[in-house]
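The block underneath contains the structure these notes are about, expressed in structure tokens.
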Amino acid sequence: MVKVVLENVGKVFKGSKKAKETVAVKGFTAEFPSNKVVGILGPSGCGKTTTLRAIAGLDPPSEGKIYFEDKDVTYLPPIERDAALLFQFAVVYDNMTVFDNLAFPLMVKNINKEEINKRVKETAEFLGLSDILKKRAKGLPASINQKIALGRAIIRKPKVLLLDEPLSSLDPESRLYLRRELKKVIRSMDTTVVYVTHDQSEAMTLCDKIAVMNEGKVHQYDTPENIYLNPATTFVAWFIGEPGMNLIDCSMEASEGKYYIKIDGVSDVSFEVSKWSHALKESDKIVLGIRPEFITITKTYKKNSIAGKCLVIESFGSFALLDILTNCSPNNIIKVKTPLSDDLPKVDGDVYLTFPPAYIRLFDKKSGELRVVMTE
Amino acid sequence: MKTSAFIKFILVTLITLILIAYFDLPIIVMIVTAFKQRADIFTPVPKWIFTPTIKNFVDIFVGTTTMAEGTLAIQNSLFFVTTSTVIAMFIGSLAAYGFSRFKFFGREDLIFFVLAQRFMPGIVIVLPMFVLYSSVGLRGTALGLILLYINSALPFVIWMMRSFFDEIPREIDEAARLDGHSWFTIFIKFVLPVARNGFLATFLFSFIFTWGEFLFALILTTPESWTMPIAIVNSRVSSEILWGQIAAYGVISIIPVFIIAIALQKYLVRGMTLGAVK
Amino acid sequence: MAKLVVENVTKKYGPALTLEKISFTAEEGQITVLLSPPNGGKTGICKIVAGLDEVDSGKVYLGDRDITDLEPKERRVSMMFQKLALYPNMNVFENIASPLKALHLPPSEVINQVEAIANKMKISHTLYRKPGTLSGGERQRVALSRALVKNNADLYILDEPLTNLDAKIRASMRAEFKILQKEINQTMLYATPDPIEALALADKLIVLDKGKIIQQGTPEYIYRNPINKFVATFVGYYPINLIEGSIIEKGEKIILQTNLFEIEISKLRDSVKDHINSKVTLGLRPELLNVVKKEPKVQESLDLFYIKGEVFEFEIRGSDTVVYVKINDQIIRVLESKITKYDIGIKVWLQFNLKDIYLFDAESGLLIR
């Protein structure tokens, strides 16, 4: 029952003659609630592993504080934190048996033999390792190794469990099974879990809350639903989703006391935004974001729709992904995801795209921040 | 936390100093000796404070009393070693490129045979070489020694350069071939520049080996073609060995190697192929 | 621009791979995609066509020329490598200019052409930088520019041009590439291990495995009529579900019997009549399955089947959900094109349509229907 609090955590790797000084993480402030799974998600090099290592105590941060509940652990060595860390590549002692591997963290703590026996049996039972306890760890498949490593992490019942891409080195099949084990562990244990990954599907599936990072900065810390529906920045909008949000330049215009958003390069398409105009007034340029799956596509002209030409159709059985060439900027291709039907346009055919206002999100172009969530 | 870091610093510094002393003391002694007068060299306890002199250097270049002639030896060494190393690098790199890129029957056996040349101690062939060179009139000639040095540097050059070429992705050559360039252009303009660090490192090592070569020079040269190592041996008169002059020769013979090593130092760091292939 | 004909090409690449009697045609102005799992032989074919590797036997024709024994530079082909093979010692300009310099074009001409392609590929700002300082996406564009700058080539070979990019950028490069292809309108041979990329880009798709051509045709045709289990599993958005079973006759009815369920397939009588009483494998594409949470009423129609199972696991992928439904110890993947969350272990019904099922001969793996 420990919540993890990060207060303005930053990490700077000092420069040398050859390497420039790099800021790996800056200003990470968040509270990871106890007994919840929090994901740290971002592309490689975004600072997520650095943050995790700081929480684990492997590399202390260069600024800011880390608390476990009320205790300042910023400079405590790992062993005094009661946190366990599971790496991407399973660390398993090859020359020991599975039993010894599991018992190792307990032996270090001078716990008596009977207790060790009991705990190892319990853990092995829980993870389905009972049959191979006496086997040497050498030569076991990667998925079993990762299970052993997981077992070793949870056997001392840590207050905080830190996972660094534990599934990404496994094949899809074992990933599926191990993810189930992980869920089981997470739900049945009295522990706060921090899960670092670059794979959004893992984060969306497993986590209660996700911190999306890019270039050392936390862009959004929210529930998976909110991250998907209301991304806080254009980066999150682009990063989350497969494919991500379409981001289109537009500007606000006033006429007859009302305010409209007009898409740059496209005439006669506008959305009324009078209700939110105060939020947009300071923006020089505005970016309109809409997910490919919320765009309506038709072959005939509809009012307030964007004309385009269908470039590529990737059909996937029950739905299709279309790349539509339009006059929008900065990227003139708009991606559309739509259920398969006989009404689908042909390649090179003319199409019209309609954006349902309820799904439109407006961002400030310069800062990339979300300004308006439009509603009906 | 702070104090332990300080102790660590002191320890590291101390160990470094000891290592430097261990490796460099002979060189320091040599340099110091080169600037000593005869009387100071032979003190029972080494003298660290003395009146420096350049007499030893003057002696080896002008007015030497020994058989060795400093100016000539330096000229000889520089000429033989530079010429042979440059030629060996050129021939060796081409051969290595062939070994790296073309598959042909017996390739691996051939490259092993080339390397096997290095397995044999030089003393084994020095006598036959003496007889051979004497009979064809190559003994004591510049050409004779250069040919011999090329021959002894080649296996090393081929072996080293081949491993450097092997590290360069074949796709670089293939891309250049498709661009329409000839094999020779590909080698000179596309492959060699990428292997630059390896090339320069090989050049440096090869130069150093040849520069310090003693055995063949001893047997196959005449006083007109003596190189530095041989001049050193001959720095004596009937009554004594001239340690001061030997030290002065030593100092001078370090200089070219030292200059080349400093000049090439930044290229000796790997990392040139970074970015070629991802 | 010319048509490429590869005829009976055989080539042994060590013990692991031999290209066997490869024959195909890449039509003028089209993208022909070679699709295979890693080490399936596609790179070998690219290199043989480019002239970098020699054939053991067989012929390669480009237009009306027999190019089998020609040197690469005499073939009028251009190639982009999977490893990109940018020249690290030269800047971007020199890299792209390399094929033009080999043609001994006047310098002003070289500058014009390089600048034109750099503009088109949006890399003008990198022209005087070394490849080592570029991002992955930029390097990819430089390599592509170098392959395309030579405008007199008859054939452009692209060996896994997008493989090294990260998934996010790769998806957007696909569309860009398609536009580019339309613009330059050249014959292209494109190798990729990614079935989604292949389905999206190909005019003609050639599926290879272990050095042999397994099937060739348009992407739609191959997706709908995979010749065997391998193609059905490999060519698709997500691996197909395979269920072992057999076809039996019960009176008038024809029944497909598996460990998981029995369904009536009398309507398919014509296609399965030779396989009655023999073992078959049922293939169900995850994207053609549905999960229903409420118990269906009576069988609504003969063509729609409902199979009871439980949710074993689910995962959200972008804006889709993959649901793993467990039926009698076998796990069936279902792809839903929306985000849905499930409670693990709840009862659900798998729904599929008779017209969407694939049947394979269990032994030979060949498609029955």
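The values are calculated or read from the model by the stated rules, or taken from the named source; none is laboratory data. Computed from a predicted model, the values in this text were never measured in an experiment. Reconstructed Cβ throughout: ideal geometry from the backbone, glycine too, with neighbour counts over all protein chains shown.
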**residue C:302 being buried (at least 20 other Cβ atoms within 10 Å of the Cβ) and either touching a residue at least 60 places away in the same chain (Cβ under 8 Å) or more than 26 Å from residue A:180 (Cα to Cα) (or both)** = no
**Item:** Boolean, residue B:175 is among the small types (Gly, Ala, Ser), assigned by TED's automatic domain parsing to the domain that holds residue B:95 and under 30 Å from residue C:48 (Cβ atoms)
**Value:** yes
**Request:** Within segment C:262-290, work out how many residues are on the phi < 0 side of the Ramachandran plot and part of a loop (DSSP other than H, G, I, E, B).
**Result:** 5
**Request:** Please go through segment C:279-305 and pick out each residue that is at pLDDT 90 or above and hydroxyl-bearing (Ser, Thr, Tyr).
**Result:** C:281
**Message:** For segment B:149-162, check the following and say yes or no: at least one residue is closer than 30 Å to residue B:246 by Cβ and of a type in the set (Val, Ile, Thr).
**Reply:** yes
**Request:** Of the numbered conditions (1) within 23 Å of residue B:218 (Cβ to Cβ); (2) in contact (Cβ under 8 Å) with a residue 24 or more places away in the chain, residue B:36 fails exactly one; give the number of that condition.
**Result:** (1)
**Asked** Is at least one residue of segment A:235-251 in contact with a helix residue (DSSP H, G or I) (Cβ under 7 Å, 6 or more places away or on another chain) and away from chain C (no Cβ under 14 Å)?
**Response** no
**Asked** Among B:135, B:100, which is part of a helix (DSSP H, G or I), over 24 Å from residue B:231 (Cα atoms), among the hydroxyl-bearing types (Ser, Thr, Tyr) and in contact with an Asp or Glu (Cβ under 6 Å, 6 or more places away or on another chain)?
**Response** B:100
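Of everything in segment A:301-320 that's over 23 Å from residue A:264 (Cβ atoms) and out of contact with any strand residue (DSSP E or B) (no Cβ under 7 Å at 6 or more places or on another chain), which residue is modelled with the highest pLDDT? Let's see the steps before the verdict.
Taking segment A:301-320 as the starting set, the residues that turn out to be over 23 Å from residue A:264 (Cβ atoms) are A:312-320.
Then keep just the ones that are out of contact with any strand residue (DSSP E or B) (no Cβ under 7 Å at 6 or more places or on another chain); that gives A:315-317.
On the way: A:315: 73, A:316: 69, A:317: 63.
By that ranking, first place goes to A:315.
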**Asked** Do we have residue A:295 as in contact with an Asp or Glu (Cβ under 8 Å, 6 or more places away or on another chain) and assigned by TED's automatic domain parsing to the domain that holds residue A:251 here?
**Response** no
**Request:** With the condition kept exactly as written, say whether any residue in segment C:154-176 is away from every other protein chain (no Cβ under 11 Å) and in contact with an Asp or Glu (Cβ under 8 Å, 6 or more places away or on another chain).
**Result:** yes
**Asked** Given the conditions (1) modelled with pLDDT of 90 or more; (2) away from chain A (no Cβ under 11 Å); (3) over 23 Å from the mean Cα position of the chain (by Cα), which single one is not true for residue C:265?
**Response** (1)
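What residue, of C:100, C:105, C:34, C:84, is modelled with pLDDT of 95 or more and either of a type outside the set (D, E, K, R) or out of contact with any Lys or Arg (no Cβ under 8 Å at 6 or more places or on another chain) (or both)? Quick ask: steps written out before the conclusion?
Values: C:100 fails: modelled with pLDDT of 95 or more; C:105 fails: modelled with pLDDT of 95 or more; C:84 fails: modelled with pLDDT of 95 or more.
After applying the criteria, what remains is C:34.
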**Complete:** Contact list, first residue from segment C:14-29 and touching a residue at least 60 places away in the same chain (Cβ under 8 Å) and of a type in the set (Val, Ile, Thr), second anywhere and surrounded by 15 or more Cβ atoms within 10 Å (Cβ to Cβ) and in a loop (DSSP other than H, G, I, E, B), beta-carbon distance below 9 Å, six or more apart or interchain, is C:18/C:41; C:18/C:210; C:18/C:211; C:22/C:41; C:22/C:211
**Prompt:** Filter segment C:134-168 for residues that are farther than 20 Å from residue C:33 by Cα and of a type in the set (A, V, I, L, M); which is modelled with the lowest pLDDT?
**Reply:** C:134
